[in-house]
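Inspection log for the structure reproduced underneath, given as structure tokens.
The values are calculated or read from the model by the stated rules, or taken from the named source; none is laboratory data. Fair warning: this is a prediction, and the values are worked out from it, not measured in the lab. FYI the Cβ positions are ideal-geometry reconstructions off the backbone, even for glycines, and counts take in every protein chain you see. Heads up: the accessible areas ignore ligands, DNA and RNA and are worked out on the full protein's heavy atoms, side chains in. Shrake-Rupley method; radii C 1.70, N 1.55, O 1.52, S 1.80 Å.
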Amino acid sequence: ETGVTQSPTHLIKTRGQQVTLRCSSQSGHNTVSWYQQALGQGPQFIFQYYREEENGRGNFPPRFSGLQFPNYSSELNVNALELDDSALYLCASMTQGARDEQFFGPGTRLTVL
Amino acid sequence: SQQGEEDPQALSIQEGENATMNCSYKTSINNLQWYRQNSGRGLVHLILIRSNEREKHSGRLRVTLDTSKKSSSLLITASRAADTASYFCATRDNYGQNFVFGPGTRLSVLP
């Protein structure tokens, strides 16, 4: 069983640029969620995808967007980067209707200069 | 705003001692989960307790849930240096698709 993987592990961008982060779900999982975790804080829910459709969204602006592919992998896109977007971005996968347990990837550390 | 609030924010104990962390939340929930995070890495699921359960055990972990007080506690017995990490509670309500995490408790277990 393959765990959740994320790429890249670290990324440095400048303000105004766009970034795409990638996540491969654990085998058999049909749901992926993205979280933003600022230093010293808990993860903040960005959105969730189930069967390629957005299935819930947190309090994040539209410049945060996502995709889920038929193989259940996912992308998080952030446009017009701001300094406050610097954070650890976590992807988590699970199977809807199952045990409700999320499996997290190691995260992507994004730094916006 | 975050639904879960852990208490204390930081805890430092000696190896072998017990560690207790508390979590309070605001709305009705379907379940409450505890996760561990080692130094800026991904979170690891520890234990899930459903709203109709009052106590669960898993190895050295004991979780209680009091829905009347909207609170939960995580007890780690006989702590080890490897338990040093941040611990988060996460709630999922009956209506939402998302999990709401608290700010976490940073546990340091000194050898």
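Return yes or no: is residue A:60 part of a loop (DSSP other than H, G, I, E, B), within 30 Å of residue B:10 (Cα to Cα), modelled with pLDDT of 90 or more and open to solvent by less than 40 Å² (accessible area, probe 1.4 Å)? Answer is yes for this residue. Kindly indicate whether any position in region A:42-64 is in contact (Cβ under 8 Å) with a residue 60 or more places away in the chain and either under 24 Å from residue B:102 (Cα atoms) or aromatic (Phe, Trp, Tyr) (or both). No, there is no match, as no residue in region A:42-64 is in contact (Cβ under 8 Å) with a residue 60 or more places away in the chain and either under 24 Å from residue B:102 (Cα atoms) or aromatic (Phe, Trp, Tyr) (or both).
Yes/no per residue for (1) under 14 Å from the mean Cα position of the chain (by Cα); (2) farther than 20 Å from residue B:38 by Cα:
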{"position": "A:15", "(1), (2)": "no, yes"}
{"position": "A:22", "(1), (2)": "yes, yes"}
{"position": "A:28", "(1), (2)": "no, yes"}
{"position": "A:32", "(1), (2)": "yes, yes"}
{"position": "A:39", "(1), (2)": "no, no"}
{"position": "A:43", "(1), (2)": "yes, no"}
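Of the candidates A:68, A:102, the single residue that is over 10 Å from the mean Cα position of the chain (by Cα), within 13 Å of chain B (Cβ to nearest Cβ) and touching a residue at least 24 places away in the same chain (Cβ under 8 Å) is A:102.
The set of residues in region B:39-65 that are farther than 30 Å from residue A:108 by Cα and open to solvent by less than 50 Å² (accessible area, probe 1.4 Å) comprises B:51, B:63, B:64, B:65.
How about region A:1-46: which of its residues are among the aliphatic types (A, V, I, L, M), out of contact with any Ser or Thr (no Cβ under 7 Å at 6 or more places or on another chain) and open to solvent by less than 80 Å² (accessible area, probe 1.4 Å)?
A:19, A:38, A:46
Here residue A:31 meets the list (1) touching a Phe, Trp or Tyr at 6+ places or on another chain (Cβ under 9 Å); (2) away from chain B (no Cβ under 11 Å) almost entirely, failing just condition (2). Considering only region A:98-105, I want to know if a residue exists there that is surrounded by 17 or more Cβ atoms within 10 Å (Cβ to Cβ), part of a strand (DSSP E or B) and at pLDDT below 95. Checked region A:98-105: at least one residue is surrounded by 17 or more Cβ atoms within 10 Å (Cβ to Cβ), part of a strand (DSSP E or B) and at pLDDT below 95.
I need every pair where a residue in region B:16-42 that is away from chain A (no Cβ under 12 Å) has its Cβ under 8 Å from the Cβ of a residue that is crowded, with 20+ Cβ neighbours inside 10 Å and acidic (Asp, Glu), sequence separation at least 6 or different chains. From residues that are away from chain A (no Cβ under 12 Å), the pairs are B:21/B:6; B:22/B:6.
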